[in-house]
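Have a look at the structure below, then the notes.
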Amino acid sequence: MPGESILRAFLITTMRKTLTLIPLIACLLFGFTIHQEPIRKLPVVDVKTLDGQIVKSNSVLNKNGLTVINFWATWCKPCVLELNTIKELYGDWKKETNVKIIAVSIDDSRNISKVGPMANGKGWEYDILLDPNGDFKRSLNVNNIPHTFLINDKGEILWQHNSFAPGDEDELFEIIKKFTPKP
């Protein structure tokens with residue numbers, strides 16, 4: 001029957017078009033699932049060192065690799081637990097990835113005098129910065145601590161994480177390794 005051959009031709013053409021579109025649609029869907037949020041730059045804000053010097057937030061970044069910036073406070077138990085946990089691993093992390101960790105205290109003027117003694121007493125080898133007015137914290141929309149950012153040598157924020165539970169340090173290191181430039 002003539003109508004049958006037209007119907008067959010139509011079905012074959014439709015199937016070919018569909019089969020051609022399926023990989024394209026799959027690629028588009030896969031691309032959307034791995035899409036990351038747009039890269040933001042680290043804001044330039046005045047912060048203080050433990051000895052009272054005022055520095056720009058972008059001036060303390062690792063010029064030869066990645067920087068982890070961790071917002072914490074002396075009164076925050078999960079913050080102290082996170083920094084203590086990473087302390088045990090930091091030497092190996094630096095050797096393998098050349099990462100630099102900066103711990104930014106958000107303690108206010110009443111508690112700021114506790115920051116240096118606590119960091120020294122815990123044996124933290126991180127660069128410690130002070131953000132007593134919360135300017136740096138606000139510029140990055142940090143509402144809860146601990147809050148951790150991974151930043152490249154161009155000052156671009158690559159990743160961030162809020163809170164801490166045991167095992168999060170392993171996730172952080174995997175992310176650091178993922179973004180560490182290969183020699």
>> Conditions first: (1) in contact with a helix residue (DSSP H, G or I) (Cβ under 6 Å, 6 or more places away or on another chain); (2) among the β-branched types (Val, Ile, Thr); (3) over 22 Å from residue 63 (Cα atoms). Residue 86 passes all but one, so which condition is the exception?
In response: (3)
> What residue, of 161, 147, is touching a strand residue (DSSP E or B) at 6+ places or on another chain (Cβ under 8 Å), within 23 Å of residue 41 (Cβ to Cβ) and free of Cβ contacts under 8 Å to residues at least 40 places away in the same chain?
Replying inline: 161
> Tally time: how many residues in segment 130-143 are among the polar types (S, T, N, Q) and either in contact (Cβ under 8 Å) with a residue 40 or more places away in the chain or at positive phi (or both)?
Replying inline: 2
>> For segment 120-141, give me each residue that is farther than 19 Å from residue 80 by Cβ and part of a helix (DSSP H, G or I).
In response: 135, 136, 138, 139
> Are there any pairs with C-beta distances below 8 angstrom linking a residue in segment 109-129 that is more than 24 Å from residue 58 (Cα to Cα) to a residue that is in a loop (DSSP other than H, G, I, E, B), with the two at least 6 apart or on different chains, and if so which?
Replying inline: 111/73; 111/74; 111/75; 114/74; 114/107; 118/74
>> Looking only at segment 142-172, count every residue that is within 16 Å of residue 65 (Cβ to Cβ) and either part of a loop (DSSP other than H, G, I, E, B) or among the small types (Gly, Ala, Ser) (or both) and tell me the total.
In response: 4
> Within segment 148-183, how many residues are within 10 Å of the chain's Cα centre (by Cα) and at positive phi?
Replying inline: 0
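Okay, residues lined up against (1) surrounded by 10 or more Cβ atoms within 10 Å (Cβ to Cβ); (2) assigned to a helix (DSSP H, G or I); (3) at pLDDT below 60:
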{"position": "11", "(1), (2), (3)": "yes, yes, yes"}
{"position": "58", "(1), (2), (3)": "yes, yes, no"}
{"position": "64", "(1), (2), (3)": "no, no, no"}
{"position": "68", "(1), (2), (3)": "yes, no, no"}
{"position": "74", "(1), (2), (3)": "yes, no, no"}
{"position": "78", "(1), (2), (3)": "yes, yes, no"}
{"position": "83", "(1), (2), (3)": "yes, yes, no"}
{"position": "101", "(1), (2), (3)": "yes, no, no"}
> Given 182, 114, 177, 122, which one is touching a Lys or Arg at 6+ places or on another chain (Cβ under 8 Å), surrounded by fewer than 18 Cβ atoms within 10 Å (Cβ to Cβ) and of a type in the set (Lys, Arg)?
Replying inline: 122
> Checking residue 133 against (1) in contact with a Leu (Cβ under 8 Å, 6 or more places away or on another chain); (2) surrounded by fewer than 18 Cβ atoms within 10 Å (Cβ to Cβ), which test does it fail?
Replying inline: (1)
> For residues in segment 81-106 being aliphatic (A, V, I, L, M) and in contact with a Ser or Thr (Cβ under 8 Å, 6 or more places away or on another chain), which is farthest from residue 172 (Cα to Cα)?
Replying inline: 102
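The values are calculated or read from the model by the stated rules, or taken from the named source; none is laboratory data. Treat the numbers as computed from the prediction; the structure is a model and nothing was measured. A quick note on method: Cβ atoms are made from the backbone with ideal geometry, for glycine too, and the neighbour counts reach across all protein chains shown.
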